[in-house]
């Protein structure tokens, strides 16, 4: 059995990522408990907003420096080094604490503010860049669960060490945890695809400029600001209630440690039991909305009981638990598809600077409230948090609406460079063979005009005229009737030379159309017959529709009728082709879908019901694998290059079933994004394939995904969250062509 080196490498990286997340969040929880206990033991709770503002300003400066370092060196190098520096600082604080505890209280608060969120954000960057988007979605859920377990361990650790030793010992323990993070984060490995193509030049725009010009990034930043404002308000209420009961630093460490341990257990249970399910079933929007919604309900409980300690504990605990579980895991997925040249300079700004800006705003609100009322009642603070939660829900709604759109836009803007061996699907080759939608119609009309000139008639061709089926032969002029009879005999003779002479005559009556249609099955006559019928298509839609759906008509003739009906964009022609999608013969369905796709490309306003399209796709993907693999189309040597099928028919390398499905989906979804995904799914590049699967999971209905996934070789049916469409696709482009990144 041959081992897959990529699978082995991914498994190893996942193991170290799980270990890193556990250690990192354990440190964060224990560090916050230690920081709060030391600070509140030496300073009054009313000093808390002041130190928060100072820490936030310094943290934002650190974010700017970190974003530049990430741009140049990448997170896989910068983040382990930052963990090493933090380790040294903890050792320094441990040495200084015995002689200057007040100074250490301030230094520790600033260190935790500057390094804490930056390191967590940077760690997620390491994870995001290490795994492709499709793998990352599942890996991140496991890493988030490991992080919640770390929260439990961190809370227990803080309480046990403080009880057994003293608060100073926690500084040494915290330094050891960050040293372990230094080792494990390094072991996660380099970014995917050869270090994200190490030759990438750091010519990206600044993070602030990208934020100023990208609405999607702005909404992400605003969401983080609001989350931080809510956290600052609720945290103040919680710590104010706690300091009213406890004064000794060891007591505070134990209380905070027990609280954070309990929150960690709750977070772990929530994330493990419900996190992945909620994300898969309801999507990113709903998952992000849980935290502000729960805070909204808990806040009203706290207000109702006048801010008693237990109610504030419930409020702060629920806010922390759902932030560290649902909110964090869902928010991280918003980054997965972003290109490194966009993500690296902006992620720390969004994750940390936005968070610190929220701290500043929240602390500013608290200082204002304290100025108005020095004995600030807890219910007032909680009431402001409620208003913030309502606004947060609105921003989540806007962010969700923009996500899928951004995803498709990024895919559509990209250009995938695949080798000739990989470009075997019909969509790509059709696109290369066909003229553009506009020029194809012009070519066709030019041929029609040339035929009219050859026949010496200037009778107009009303391409968009309504259908006027043939009139009874009895009403014809006797001379015309004789000509029609002669033409009928020629068309039914089976002699190709006689048929061509008939076609080149000065008059070919519209009532001869029923005799022309069967001749489409003859390869040597098909193109001449096709051109004649296209000329008459607007007046014979009914006749052509009947022939398209007639099982007694030669199959090859039926297969070629859709390319005739597509000349006219009459709604009846569209209805006929949609009916062709329900035919028992795959050849008819395939050709009808191709014709509708070309019509839709020429006229984007053409309306086709999405439900009809998805229903057709569901029928196609529900067949057994043997039927799927055996599908083929009749060799159509008559189709000209501009109408595109000659190079494709009968090609054994083409999966016609898959090609037909993607053609149908292009009728209601983004055509270019689907075409790129179609190519990428067949690519040998795992990152490219993962990005394509991520996009498709976000735009396909569940029933379609359930049927289609096995045909991709995916054994697990994924119930995809409706993530916002604006990003995964960009990664598809950038993974192959990094020069196209913004």
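Computed values, structure above
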item	result
Wholly enclosed helices (runs of 4 or more DSSP H) of the stretch 135-254 bearing at least 2 residues at pLDDT 80 or above and surrounded by fewer than 21 Cβ atoms within 10 Å (Cβ to Cβ)	167-188, 207-213, 215-243
Unmet criterion (only one of (1) over 24 Å from residue 627 (Cβ atoms); (2) at pLDDT 55 or above; (3) not in a loop (DSSP other than H, G, I, E, B)) for residue 735	(2)
Residue within the stretch 55-69 that is in the same structural domain as residue 166 (by TED's automatic domain parsing), in contact (Cβ under 8 Å) with a residue 12 or more places away in the chain, under 30 Å from residue 686 (Cβ atoms) and in a helix (DSSP H, G or I) present	yes
One residue from 386, 381, 396 being more than 24 Å from residue 67 (Cβ to Cβ) and within 21 Å of the chain's Cα centre (by Cα)	396
Enumeration of residues in the stretch 358-373 that are touching a residue at least 40 places away in the same chain (Cβ under 8 Å) and surrounded by fewer than 22 Cβ atoms within 10 Å (Cβ to Cβ)	361, 364, 365, 367, 370
Selection status of residue 550, in a loop (DSSP other than H, G, I, E, B), under 45 Å from the mean Cα position of the chain (by Cα), closer than 21 Å to residue 576 by Cα and modelled with pLDDT of 85 or more	yes
Verdict on residue 379 being at pLDDT 80 or above, surrounded by fewer than 24 Cβ atoms within 10 Å (Cβ to Cβ), farther than 23 Å from residue 55 by Cβ and touching a helix residue (DSSP H, G or I) at 6+ places or on another chain (Cβ under 8 Å)	yes
Residue 595 being touching a helix residue (DSSP H, G or I) at 6+ places or on another chain (Cβ under 8 Å) and modelled with pLDDT of 90 or more	yes
Flag if residue 77 is more than 30 Å from residue 263 (Cα to Cα) and either in the same structural domain as residue 344 (by TED's automatic domain parsing) or over 30 Å from the mean Cα position of the chain (by Cα) (or both)	yes
Residues located in the stretch 584-618, provided they are surrounded by 18 or more Cβ atoms within 10 Å (Cβ to Cβ) and outside any helix (DSSP H, G or I)	608
Condition met for residue 263 (crowded, with 20+ Cβ neighbours inside 10 Å and modelled with pLDDT of 85 or more)	no
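Let's see how each residue does on (1) under 21 Å from residue 607 (Cα atoms); (2) more than 50 Å from the chain's Cα centre (by Cα); (3) assigned to a helix (DSSP H, G or I):
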{"residue": "498", "(1), (2), (3)": "no, yes, yes"}
{"residue": "511", "(1), (2), (3)": "no, yes, yes"}
{"residue": "515", "(1), (2), (3)": "no, yes, yes"}
{"residue": "520", "(1), (2), (3)": "no, no, yes"}
{"residue": "534", "(1), (2), (3)": "no, no, yes"}
{"residue": "538", "(1), (2), (3)": "yes, no, yes"}
{"residue": "545", "(1), (2), (3)": "yes, no, yes"}
{"residue": "557", "(1), (2), (3)": "no, no, yes"}
{"residue": "574", "(1), (2), (3)": "yes, no, yes"}
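The values are calculated or read from the model by the stated rules, or taken from the named source; none is laboratory data. Just so you know, these numbers come straight off a predicted model, no measurement behind them. As a convention, Cβ positions derive from the backbone with ideal geometry for all residues, glycine included, and neighbour counts pool all protein chains shown.
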